[in-house]
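No value in this document is a laboratory result; all are computed from the given coordinates. Computed from a predicted model, the values in this text were never measured in an experiment. Don't worry about glycine lacking a Cβ; one is built from the backbone with ideal geometry, like all the others, and counts go over all protein chains shown.
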Amino acid sequence: MSDAQMQNALTQFVGDWDVQQEVWTEPGTDPTVYRGRSNCKAIADGRATLMVTEVPDANFKGIALMTWNDSTSQYDMAYVDTLSDQGILRMSGRPAGSATASKELQATFGKATQERVWTAGVGHGPSKGGPHLSATHCVIDEVLHAGSGIPSDSGGHEFDLKLVENRVSDDEWVLEFFVGGAEGGESLVQRNQFTRAG
């Protein structure tokens, strides 16, 4: 795909969306479910998109600025939300080549493809009652670390964060957030289902 096509792919999210957010405190447990709204618009003459997501029940608001970087041939994202003490989180993304989504996701949503995969190393240290995990839209602090093998009393280190954008249809997307554990592997900590608002 050309740089222009890569950039244009981000506009698939332009519009208004209903959001269902599932947050897992530990693997194998039932998630806590929240609902909210999201708006995405193209800015800078189409060079970037700005997405604002609000989940009132969680007192959460997150803002993501995304673009395609021609010079590095990757997507760039700058993200900030009202719950994190990590400042601005930067993530890099790449096309997933429409790879088949996970079996678990397909069992729930039917045919789905992975469109983009974003990654970041996230540092944390003790503050405001414990470490915060940015970019997962989390409403619970240390419980996420219990499921990922990350010690909640860590003095500060870096762990991997991965976001997979799965396309079910033009009007439905599922975003899955994973964290890498201290002993390897990764855990699903959040899933956001976006349904285009009618």
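Whether a residue is closer than 20 Å to R191 by Cα and assigned to a strand (DSSP E or B) was assessed, and T53 passes this test. Taking the criterion of being in contact with a strand residue (DSSP E or B) (Cβ under 6 Å, 6 or more places away or on another chain), more than 18 Å from N59 (Cα to Cα) and among the small types (G, A, S), the only residue of segment 16-44 that qualifies is A42.
Only one entry in Q114, Q7, Q106 is in contact (Cβ under 8 Å) with a residue 60 or more places away in the chain, surrounded by 15 or more Cβ atoms within 10 Å (Cβ to Cβ), outside any loop (DSSP other than H, G, I, E, B) and not hydroxyl-bearing (S, T, Y), namely Q7. How many of the residues making up segment 61-84 are crowded, with 19+ Cβ neighbours inside 10 Å and hydrophobic (A, V, I, L, M, F, W, C)? Of the residues in segment 61-84, 5 are crowded, with 19+ Cβ neighbours inside 10 Å and hydrophobic (A, V, I, L, M, F, W, C).
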